[in-house]
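Report on the structure given below.
Rule-based calculations on the coordinates, nothing more; no lab input. Just so it is clear, the model here is predicted, and its values are computed rather than measured. Glycine gets a Cβ as well: all are built from the backbone with ideal geometry, and neighbour counts include every protein chain shown.
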Amino acid sequence: MIQKFDVIEKEALENLEKEQKSDIPQIYVGCATCGNATGAQSVVQTITDKLEKENIKAEIKEVGCIGMCFAEVLLDVIKPGQPRISYHGVTPETAEEIVDSYLVKDDHRPDLALGYFGEGGPADVERIDTGDVFKNQQRVILKNCGIIDPENINEYIAHGGYKGLAEALEMKQEDIISVLKDSGLRGRGGAGFPAGRKWESCLKPQADQKYVICNADEGDPGAFMDRSVLEGDPHSVIEGMTIAGYTIGSSKGYFYVRAEYPLAIKRLRKAIAQAKEKNLLGDDILGTGFNFDLEIFQGAGAFVCGESTALVMSIEGNRGWPKPLPRPRTTEEGLWGKPTLLNNVKTFSVVPQVLSKGADWFKSIGTEGSPGTAVFALTGKINRSGLIEVPMGIELKKIIYEIGGGILDDKKFKAVQTGGPSGGCLPEDKLHLAVDFDTLVKAGSMMGSGGMVVIDESTCMVDVARYFLDFTFEESCGQCVPCRQGTQQMLEILNDICEGRGREGDIEYLLEMGDSIIKGSICGLGQTAPNPVLSTIQYFRDEYEAHIKDHACPALVCKNLIVFHIDEEKCTACGRCRKACPVEAISGEKKVPHTIDQNKCTKCGICFQECPERFSAVVRLTGKENLAAAASGKEG
Amino acid sequence: MQEQTKKVLSGFEGKPNEVIPMLQAVQNEIGYLPEEAIRDIADHIGIPESKVYGTATFYSQFYFSRRGDRSVKVCLGTACHVRGGMQVMDALEREMGIKAGENTPDYKFSLERVNCVGSCALAPVVMVDDDVFGRLVPKQAKEVLEKSDPKV
């Protein structure tokens, strides 16, 4: 290994030893965006003030996301010689209590604890790392997230960081590509293109300048994997990009980050400065003569910029329009016409480990066709929302029922949506499927970059399809007709169906239109836009038919197809719905069952939520008969 | 050239590829992009105004008219959508008496929909500037606005 790196590594470990004072308690607070949204910063402030005021000796650290978003705010304490105890749902008040009881005294507060990590924890608290949430997970890309302080490069180095770069700088460029090819690593952005082949096609062309771009324009609604990696472990991505720069012969890289990710941008800036200071980035890296610099470019809010040619146009200062076909590959002619290597955040992040641990190690995880792990943002109607990492090949149901803890409020599972606006919805009988790039595509969905939204019986599948089409229609760049006009046509039909104007033949028309958009669009946005519609028709055609033929929304979601009605038998005239109704549509007096004036009702659903569950007098009705009755004023 | 714009643009060399960072910087300073600012940016780079405007309107981050003092953003990412984000939006529109994309007449608030603020575990979510309100039901719309009133 490069001698200079040994010195840096030794120094980092020594500094860390000094900084960390392992003889006093360590407090970790999860301060990624989700933690901060729940109030992590006020917890940090409260504890900091308290430690200072009462002169309690302890170190407090802001870490990234460990993925248990359902349990935010998370506060972990490691007392010397004790395992890490995790507290959940922490508020400034309970944080003070934890300091008083566990740091000052020795009561570990099982009532506030979520559990502990490692061995030898207290008997009245659960062990987390072998429990349901973590036992099926394998954290490779996320291994440092929530564990290390992302703003301290020494911690990253102490956890094996920059070793991959130091090794790479002593390897031949072709050999690095061989390792990547041999490892079977596929791009984590969604399409799963083999990384080794992409890097190779960027090494070959001769050019005075080449570029490396990290695509962190995570635009899928319901996805926050890349953000979490950037916020929790920014150095891993910097290291991966620097290795890429060395491999293809580039001296300049760009982060294309969503402007909506201010914390990720802040942490990246800091990490870049720290890496430069240690000579791991910038000029003459580790004394090898290799120069590589990184710049951050903030995206301005256009989903299509996730497409490589559009992203390049955007950095160049233009509208983010994908280049028309036929177009040269970005690896040959990319940014300012130069060969450009573009990979997703997670792809770059895992490269250093693939190099330092070897191709065989990487291949030992996951499946033959899709080695490694998959990171998912698990959300929707699920008990334990969060950020998870699983070996490829795991069954969908293990993710949903074991890691995710099943469906919220004990409702019935209906579908799982992966791949965001480009993906599809899979029903219950597909839950045995293995999660990998190829299996999900065969079933009509796709891996995507990692959004996984769980849908229960109270969600309308036609409405979900309409939701995604509305998104892609809005985000279509407008350049090619199939995408611009096609998504609009599909959206109009879906609106008709959801609003009771559906006609016989609409389903067939959607299928035909979807097929044409896929075939005729010039970029990935259009080519995948119909997927949410096609997959919901494939698996939930009966719901479409109910909307069209009976004007019925089986999930009782589509506003125009439902009416709110008060069941006289059940109504106790408590008056709650009447007081809550924002449009004064409900009338009734004490002891007189209430009624809803259908002419005034805006179907906001507040009466339905207000009616106490023990009465359940407000009901939603659907179908032609009920709608007609309400319209004629018979219902109330 | 407006003083504010001038100050911001002096930090840029004026290369064509700086259009987006310039627009971002000017909007950060002024709050939106008035016509004069677009003209100033075009002059600074030496390209037609239409080119700058064309680029700016492509991206959803940019605003071209004055906005409310506080920005109410209703998340309608997938997780928020399936957990009732739209009903929360309806309730806010009703409470504020405006539609998404508009300002209240007193310019206290602007209301808009956004796609995923990444706090999916708290769905449905509303952000008022940097304050996050999570796990909302429609009737809490009033409370969100009262808590966020710039006067309070």
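Taking a point 7 angstrom from the Cα of residue A:181 along the C-beta vector, which residues in the range A:324-360 have backbone N less than 16 Å away? Counting backbone N atoms under 16 Å from the label point, the list is A:359-360.
For a modelled paramagnetic label at residue B:17, 7 Å from Cα along Cα-to-Cβ, the residues of the range A:312-330 in reach, with backbone nitrogen under 19 Å, are A:312-323, A:328-330.
Assuming R0 = 60 Å, what is the FRET efficiency of residue A:19 and residue B:3, from their Cβ-Cβ distance, to the nearest 0.05? Using R0 = 60 Å, I get an efficiency of 0.85.
Principal axis extents of the C-alpha atoms in the range A:278-421 (largest first, rounded to whole Å): 57, 39, 31. Taking every DSSP bridge with both residues inside the range A:1-141, close to 65 percent are antiparallel.
Hey, with R₀ at 41 Å, roughly what FRET efficiency would residue A:283 and residue B:143 work out to, going by the Cβ-Cβ distance, to 0.05? It comes out at approximately 0.15.
So, counting K/R as plus one and D/E as minus one, what does the shell of residues with Cβ under 14 Å around residue B:46 add up to? Charge balance near residue B:46 sits at -2.
Normalise the Cα radius of gyration of the range A:7-63 by 2.2 N^0.38 Å (N = residues in it) and let me know the number. It would help to have the intermediate numbers written out before the result.
Numbers: Rg = 13.9 Å, N = 57, 2.2 N^0.38 = 10.2 Å.
Scaled against compact globular proteins, the figure is 1.36.
Only helical runs count toward this figure. For the protein assembly as shown, summing -39,500 (n - 2.57) over DSSP H runs of n ≥ 4 and dividing by all residues gives -11500 deg cm²/dmol at 222 nm.
A straight Cα-to-Cα reach below 14 Å connects residue A:21 with the aspartates and glutamates A:59, A:155, residues fewer than 8 places away in its own chain not being considered.
In this simple spin-label approximation, residue A:600 and residue A:631 carry label points 7 Å from Cα along the Cα→Cβ vector, and these lie 2.3 nm apart. Summing Lys and Arg as +1 and Asp and Glu as -1 over all other residues whose Cβ lies under 9 Å from the Cβ of residue B:118 gives a net charge of -1. Label positions at residue A:511 and residue A:568, each projected 7 Å from the Cα along the C-beta direction, are separated by 4.6 nm. Think of the range A:481-571 as having a plus end and a minus end, set by charges on the Cβ of Lys, Arg, Asp and Glu; of A:555, A:489, A:540, A:489 sits farthest toward the positive end of this dipole. Largest first, the extents of the alpha carbon coordinates of the range A:526-636 on the three principal axes equal 58, 25, 24 Å.
Every Cα-Cα pair in the range A:161-363 was counted, and those over 30 Å apart are 13% of them. Projected onto their three principal axes, the Cα atoms of the range B:3-58 cover extents of 22, 21, 16 Å, largest first.
The listed peptides A:38-46, A:557-565, ordered by packing as a protection proxy, come out as A:557-565, A:38-46 (highest mean of other Cβ atoms within 10 Å first). The overall shape of the range A:292-334 is oblate: from the C-alpha gyration tensor, with semi-axes ordered a ≥ b ≥ c, the ratio a/c is 1.5 or greater and a/b is no larger than b/c. Put a dot 7 Å past the Cα of residue A:481, heading toward its Cβ, do the same for residue B:113, and the two dots end up 2.9 nm apart.
Within chain B, what percent of beta bridges assigned by DSSP are antiparallel, to the nearest 5? The answer is about 55 percent antiparallel. Listed by chain and number, the aspartates and glutamates placed with their C-alpha closer than 16 angstrom to that of residue A:381 are A:402, A:409, A:410, A:428, A:456, A:457, A:463; residues fewer than eight positions away on the same chain are left out. The tail of the calculated P(r) for the range A:266-318 beyond 13 Å holds 65 percent of all Cα-Cα pairs.
On a 0 to 90° scale, report how tilted helix B:49-58 is relative to the longest principal axis of chain B, with both axes built from alpha carbons and the result rounded to the nearest 10. Compared with the principal axis, the helix lies near 20 degrees.
By counting other Cβ atoms within 10 Å of each Cβ, how are A:409, A:436 ranked from fewest to most?
Working: A:409 8, A:436 23.
Fewest-to-most ranking of A:409, A:436: A:409, A:436.
Please tell me the relative contact order of the range A:455-599 in percent, rounded to the nearest whole number, where contacts are Cα pairs under 8 Å and at least six residues apart. So the answer I get is 24 percent. Each 10 Å bin from zero holds the following percent of Cα-Cα pairs in the range A:461-550: 19, 55, 23, 3. Across all Cα atoms of the range B:71-123, the radius of gyration (one decimal) and Dmax (whole number) stand at 11.2, 34 Å.
Note: the range A:20-133, Cα convex hull, 94 Å³ per residue. Pairs over the 31 Å Cα-Cα cut-off, from the set A:79/A:398; A:266/B:6; A:266/B:142; A:549/A:603: A:79/A:398; A:266/B:142. Within chain A, DSSP assigns beta bridges of which about 60% are antiparallel (rounded to the nearest 5). In the protein assembly as shown, Rg over Rh equals 0.97, where Rg is the alpha-carbon radius of gyration and Rh the Kirkwood radius from pairwise Cα distances.
Kirkwood radius and radius of gyration were both taken over the C-alpha atoms of the range A:373-456, and their ratio Rg/Rh is 0.91. Taking every Cα-Cα distance in chain B and sorting them into 10 Å bins starting at zero, the pair-distance distribution P(r) comes out as 11, 35, 26, 20, 7, 0 percent.
Using the Cβ-Cβ distance between residue A:266 and residue B:67 with R0 set to 25 Å, the FRET efficiency from 1/(1 + (r/R0)^6) comes to roughly 0.60. Tell me which lysines have Cα within less than 23 Å of residue A:338's Cα, excluding those fewer than 8 residues away on the same chain? Candidates past the 8-residue exclusion: A:172, A:198, A:204, A:210, A:252, A:323, B:15. What separates the Cα centres of the range A:140-174 and the range A:52-82 is a distance of 23 Å.
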